[in-house]
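The block underneath contains the structure these notes are about, expressed in structure tokens.
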Amino acid sequence: MTGALLAAQWLKIASGVAQLAFALWLGARGRRSAALLAFAISFGANGIAYALFNTSPPGQRTSESLAVQGRAVFNWIAVVAMILFVIAWLKNARRGGGPALVGTAVALATVTGTVIAAQAHRLGLLEFGGIAIYPATALALGVLPVLFRAGPPIPRAELAFVAAALAINSVDHLGAELVRPGPNPEAAVTLQLCAMAVVLALWLRNALGADPVDRRRALMVVACLVAPFVAAILVRVAAGSYAGVQRSGLIGVGRLAATGVLAYGMATRRAFSPAVVA
């Protein structure tokens, strides 16, 4: 492995560790709501999964390896925690079935695409956990902009920063897959692209609101949906293959950026105050 490839591999491992570090920081700061604890567990477990996955370089992973099985196990934990996170916020919001319906629609499109991809790669139930985090994240991404528009009792700062971080971790791989040929069938990519387009449209609608603070928060999420997606397309074209994107460390950079967005929100006290959500 060349020096550049080795550096990219260590960068990806470091980005997973950074996710775990933020999750521990979030969980340790005073009394936490059930929703934020669930998010911390999901974000941290996903970070462990990504770090473990990259202990083996692309092309050298086997289905029995710690890289693959560890990724699957910890991402299943992340999936369950993400769903609990969404349920907790829906329960606290008390806004009827609108947010849940939108989130479910976005998640169904993504899970259908994910199942198509899993069938193409002949993944078993355990291995499916490695990619099941994408529809679970899509569920959250569909719910959050609707809750943001509805307003209190869910603080909008938390909604925006969480949505921004989840957006980065969702669209960078999608942008890379958009350029063909790619690792997944076109139908899978198209369904996931449609789901993210719905999320983008919802945040653009939120950005049209009258309150300037909320407008800036919504535009932050829009930027986190668009910029990583475009960057991934450019890197995919330059690299010449999807494997080249994986080797470049771009996804690791995206995860560091997602963690940075969350850390900024907490460090500046714009989000994640103790016990903000019951």
Would you work out the charge dipole size for the chain about its Cα centre, treating the Cβ of every Lys and Arg as +1 and the Cβ of every Asp and Glu as -1, and quote it to the nearest 20 debye?
680 debye
Mean Cβ count within 10 Å, highest first, over the residues of peptides 222-235, 199-212, 126-139
126-139, 222-235, 199-212
From the helices alone, meaning DSSP H stretches of at least four residues, give me the mean residue ellipticity at 222 nm for the chain, per-run term -39500 (n - 2.57), in deg cm²/dmol to the nearest 500.
-27500 deg cm²/dmol
With a Cα-only, solvent-free Debye model of segment 3-267, what are the log10 I(q)/I(0) values at q = 0.10, 0.13, 0.14, 0.17 Å⁻¹?
-0.46, -0.79, -0.93, -1.43
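Computed from the coordinates by the stated procedures, all read-outs in this text should not be read as laboratory data. These numbers were taken from a predicted model, which means no experiment stands behind them. Methodologically, a virtual Cβ is constructed for each residue, glycine included, from the backbone with ideal geometry; neighbour enumeration extends over all protein chains shown.
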